[in-house]
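Engineer: Here it is, the structure in full.
The values are calculated or read from the model by the stated rules, or taken from the named source; none is laboratory data. Predicted model, so just to flag it, every value in this text is computed and none were measured. Cβ sites come from the backbone with ideal geometry, for glycine too, and all protein chains shown count toward neighbours.
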Amino acid sequence: MEARAIARYVQVSPTKVDRVLRQIRGAQVDRAQEILAFNPQPIAKKVSKLLTSAVANAGGKNEELDAERLFVKHAVADSAPTLKRIRPRAQGRANRILKRSSHITIIVEEKA
């Protein structure tokens with residue numbers, strides 16, 4: 001059985017999130033939580049909350065959850081809409097600022 005959790009419109013670029021997600025792909029949930037707890041990137045805390053949500057979704061209401069057998073099957077960060085801003089520059093020019101955001105998806109599955 002697999003369960004998923006999705007965080008949408010997170011104000012971090014997908015490449016920064018993917019650096020963290022690469023470390024937990026394929027890992028057991030307990031090990032992935034340890035990796036995220038000691039990760040220095042600020043986005044690791046949000047990814048940890050999302051992983052906890054995916055584990056809770058796997059539990060369901062009536063189903064007994066074996067957390068030791070869960071592993072991260074799929075973890076991906078897709079690009080979301082980009083906010084476009086303008087920064088004034090010298091001599092009346094303007095530079096573009098792109099504030100990227102991402103949709104983060106984590107899927108956990110129970111090993112057979």
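Engineer: I'd like the residue in segment 71-104 that is of a type in the set (V, I, T) and in contact (Cβ under 8 Å) with a residue 24 or more places away in the chain and, out of all such residues, is surrounded by the most Cβ atoms within 10 Å (Cβ to Cβ).
Structural biologist: Initially, segment 71-104 is screened for residues of a type in the set (V, I, T), giving 72, 76, 82, 86, 97, 104.
Right, trim to in contact (Cβ under 8 Å) with a residue 24 or more places away in the chain and you get 72, 76, 104.
Details: V72: 21, V76: 15, I104: 25.
Checking each candidate, the answer is I104.
Engineer: May I ask you to list the residues in segment 1-24 that are loosely packed, with under 15 Cβ neighbours inside 10 Å and more than 26 Å from K84 (Cβ to Cβ)?
Structural biologist: Passing the criteria: M1, E2, R22.
Engineer: Pairs please, first residue from segment 45-65 and on the phi < 0 side of the Ramachandran plot, second anywhere and in a loop (DSSP other than H, G, I, E, B) and at pLDDT 95 or above, Cβ atoms under 9 Å, 6+ apart in sequence or on different chains.
Structural biologist: K45/N39; K46/V12; V47/N39; V47/Q41; S48/N39
Engineer: Of everything in segment 1-20, what is out of contact with any helix residue (DSSP H, G or I) (no Cβ under 6 Å at 6 or more places or on another chain) and among the hydrophobic types (A, V, I, L, M, F, W, C)? Give them in sequence order.
Structural biologist: Result: M1, I6, V10.
Engineer: Right, something else. Count, please, the residues in segment 16-32 that happen to be within 24 Å of S79 (Cα to Cα) and of a type in the set (S, T, N, Q).
Structural biologist: Residues flagged as within 24 Å of S79 (Cα to Cα) and of a type in the set (S, T, N, Q) within segment 16-32 amount to 1.
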